[in-house]
Amino acid sequence: MLDVTITVAGEAGQGIRLAGETLTRLFARDGYHLFAWPDVMSRIRGGHNLTRIRVADEPVSSVAAQTNLLLALDDHSVEAHVAEMVPDGVILAEGEGEPEGRDRAQLVRVPFTKLAEARGGAKLYASAVALGAMTALVGQPRKALDALLKATFARKGREVVKANLNCAKVGFDAVDEKFRRQCPCRVPARGGRPKLLLNGSEAVGFGALCAGVRVFAGYPMSPATGVMEYLAARQAEFGLVMEQAEDEIAAVNIALGASWAGARAMTATSGGGFALMVEGLGLAGMAELPLVIVVAQRSGPATGFPTRHEQAELLYALNAAQDEFPRFVFTPGTVEEAAYATARAFELAERFQVPAIVLTDQQLADSFTTVDEFDRTRLRVRAVVETTLTPPSPSRGRELKGGGVRLPAGRRYELTASGVSPRVRPGEPGRVVRSMGSEHDEDGHSTENAANRVRMQNKRLRKTAGMAEVFGVVEAWPDEPVRTLVACFGSTRGPVREAVAALREQGREVGMLFLPEPWPFPFVEFETRLAGCRRLVTVEQNSTGQLGRLIARATRRRPDAEILRYDGRPWRAAELVERIGEAAG
């Protein structure tokens, strides 16, 4: 099995991210499976940035612990990553000189900057030289890189395209004859069927478009900005109203207004922005408005690590806003699930007239991975059947002094057995629609009547039973009783799945329990899976074990062991093999 990790590293401003994405797309076009994770600092220039690209001929869903090939655009990157190289790995670095050994790896120097300038290009084209050199080193054809560079830079004009092609050729030729046959970690051309390549933010946007989103309002905040960028580029094609608001408070209120008018609406943000949206979330709960909010988690509190990875907002998403009201919380673990979860969020939010939160994280939002094919049936939002009251005749309204008739209200909050009231929209003939954030009666009139308060709160909470019937997927792998279950959520799924597979190959009786839909909590399904399990272990990326606390709250069973990480970096499967093995006993 081919499983090669390429790390592209250097300073911010050297084109690290573009170089990483170009290599990723090169291999995806050749039919390989990929997982590419960018590790960037929150600065425009300087600092140490990198992209890890894992290329395989079987699906992969996490970063690897070691690097086979390192493309280092500065000397610091060589020193920073030489210790993680596999035996016989190759470091392709800036500079001149003959190949040399460096801590088990072979160091190959190519003067990227000098070659770029010699071809009449500016220093910024050094990354193009490096791309050509790496393409030759791994055994990919130059014509494949040329085609990709043409597509990437076409909108910047013929001269820019020509400069990139020339510099890529120089780098390719510099390595082709002298070093290519010395590379033990090749990723040769396979001529496979090109694969779709998406990151989590793009998958969320794709799922929203498939669901028929009509209004998106947001304010840029890493790592959720990718959702806005994806939708903004497609608003004309899909008839989408995309509004970059002045802040997150305005964004959520724009989305709420669109929802009140009957449009499918959403917003996307990260933890700090979600904090500003919480009052709007509460308004959605009280006014019973469907709304999709994407929250891309990052390290906090406050600004925290703005470009780093964490999963510390699970309980916040479950409990945000004052008082209690029903909501859905999704925690997808792959780009496919991110698309499916977003489409499903629109459907269920509309069906039950509640907010739905899609909780992603930095690794899922920013990492690129390949997808063979989407299940279109899971992206299609089914028609939501709503009970709409028959419009009354205007003649039944109360006559007003001076003429005219006051139309009756649409009983927007009619008491029902399911808790879901008829959704009367503004503009329906013969109706006056009232909606507000204060407690109200069935007609939408504000009231402080104590008995009415109890009736309306009970009505809203009655939705929970119906929500639980259609929600709460639990993914168990393998689908059989095991001695130790490892529970996780979000992008932790990938490394946990790989670690569990490795432990099972060692003969350990271990399984994975993944929760993509943690709230309303899947009580019956979860407890069924726990039956016969002797040890429950949780793997999370926060400092207090939030998933473990949720499980204990819901089932009264506390995890026997918690494996936590909160340094801003994602888990790797190799690390979890050891940790889970120890916890399993």
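Tabulated values for the structure
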| read-out | value |
| --- | --- |
| Among the candidates Ala126, Ala151, Ala65, Ala83, residue that is under 33 Å from the mean Cα position of the chain (by Cα) and surrounded by 24 or more Cβ atoms within 10 Å (Cβ to Cβ) | Ala126 |
| Matching entry among Val354, Val292 (being surrounded by 24 or more Cβ atoms within 10 Å (Cβ to Cβ) and closer than 29 Å to Asp39 by Cα) | Val292 |
| Qualifying residue in the range 181-196 (condition: crowded, with 23+ Cβ neighbours inside 10 Å, of a type outside the set (Asp, Glu), in a helix (DSSP H, G or I) and modelled with pLDDT of 90 or more) | no |
| Any helices (runs of 4 or more DSSP H) falling wholly within the range 199-266 and containing at least 1 residues that are crowded, with 24+ Cβ neighbours inside 10 Å and more than 18 Å from the chain's Cα centre (by Cα) | 248-260 |
| Residue within the range 1-13 that is modelled with pLDDT under 90, out of contact with any helix residue (DSSP H, G or I) (no Cβ under 8 Å at 6 or more places or on another chain) and closer than 21 Å to Gly139 by Cα present | yes |
| Residue ID - surrounded by the fewest Cβ atoms within 10 Å (Cβ to Cβ), chosen from residues in the range 89-106 that are assigned to a loop (DSSP other than H, G, I, E, B) and in contact (Cβ under 8 Å) with a residue 12 or more places away in the chain | Glu96 |
| The range 447-488, subset among the aliphatic types (A, V, I, L, M) and crowded, with 17+ Cβ neighbours inside 10 Å, residue farthest from Thr342 (Cα to Cα) | Val482 |
| Filter result for Ala80 (assigned to a helix (DSSP H, G or I), aliphatic (A, V, I, L, M), more than 17 Å from Ala573 (Cα to Cα) and at pLDDT 90 or above) | yes |
| Members of the range 513-537 that are modelled with pLDDT of 95 or more and either among the acidic types (Asp, Glu) or in contact with a Cys (Cβ under 7 Å, 6 or more places away or on another chain) (or both) | Phe514, Glu517 |
| Unique match (being modelled with pLDDT of 90 or more, within 24 Å of Pro194 (Cα to Cα), touching a Pro at 6+ places or on another chain (Cβ under 7 Å) and buried (at least 20 other Cβ atoms within 10 Å of the Cβ)) among Thr22, Thr51 | Thr51 |
| Sole exception among (1) of a type in the set (Ser, Thr, Tyr); (2) over 16 Å from Val108 (Cα atoms); (3) over 27 Å from the mean Cα position of the chain (by Cα) for Ser77, by number | (2) |
| Leading residue by the ranking (nearest to Ile16 (Cα to Cα)) among those in the range 118-155 that are outside any loop (DSSP other than H, G, I, E, B), basic (Lys, Arg) and out of contact with any Ser or Thr (no Cβ under 7 Å at 6 or more places or on another chain) | Lys150 |
| Any helices (runs of 4 or more DSSP H) falling wholly within the range 489-585 and containing at least 2 residues that are touching a residue at least 60 places away in the same chain (Cβ under 8 Å) and surrounded by fewer than 20 Cβ atoms within 10 Å (Cβ to Cβ) | 573-584 |
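Let's see how each residue does on (1) surrounded by fewer than 24 Cβ atoms within 10 Å (Cβ to Cβ); (2) in the same structural domain as His445 (by TED's automatic domain parsing); (3) of a type outside the set (Asp, Glu); (4) out of contact with any Pro (no Cβ under 6 Å at 6 or more places or on another chain):
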{"position": "Ser299", "(1), (2), (3), (4)": "yes, no, yes, yes"}
{"position": "Ala302", "(1), (2), (3), (4)": "yes, no, yes, yes"}
{"position": "His309", "(1), (2), (3), (4)": "no, no, yes, no"}
{"position": "Leu318", "(1), (2), (3), (4)": "yes, no, yes, yes"}
{"position": "Asp323", "(1), (2), (3), (4)": "yes, no, no, yes"}
{"position": "Phe330", "(1), (2), (3), (4)": "no, no, yes, yes"}
{"position": "Val335", "(1), (2), (3), (4)": "no, no, yes, yes"}
{"position": "Tyr340", "(1), (2), (3), (4)": "yes, no, yes, yes"}
{"position": "Gln363", "(1), (2), (3), (4)": "no, no, yes, no"}
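The values are calculated or read from the model by the stated rules, or taken from the named source; none is laboratory data. Bear in mind that the values here come from a model prediction, so they are computed numbers and not experimental data. Glycine gets a Cβ as well: all are built from the backbone with ideal geometry, and neighbour counts include every protein chain shown.
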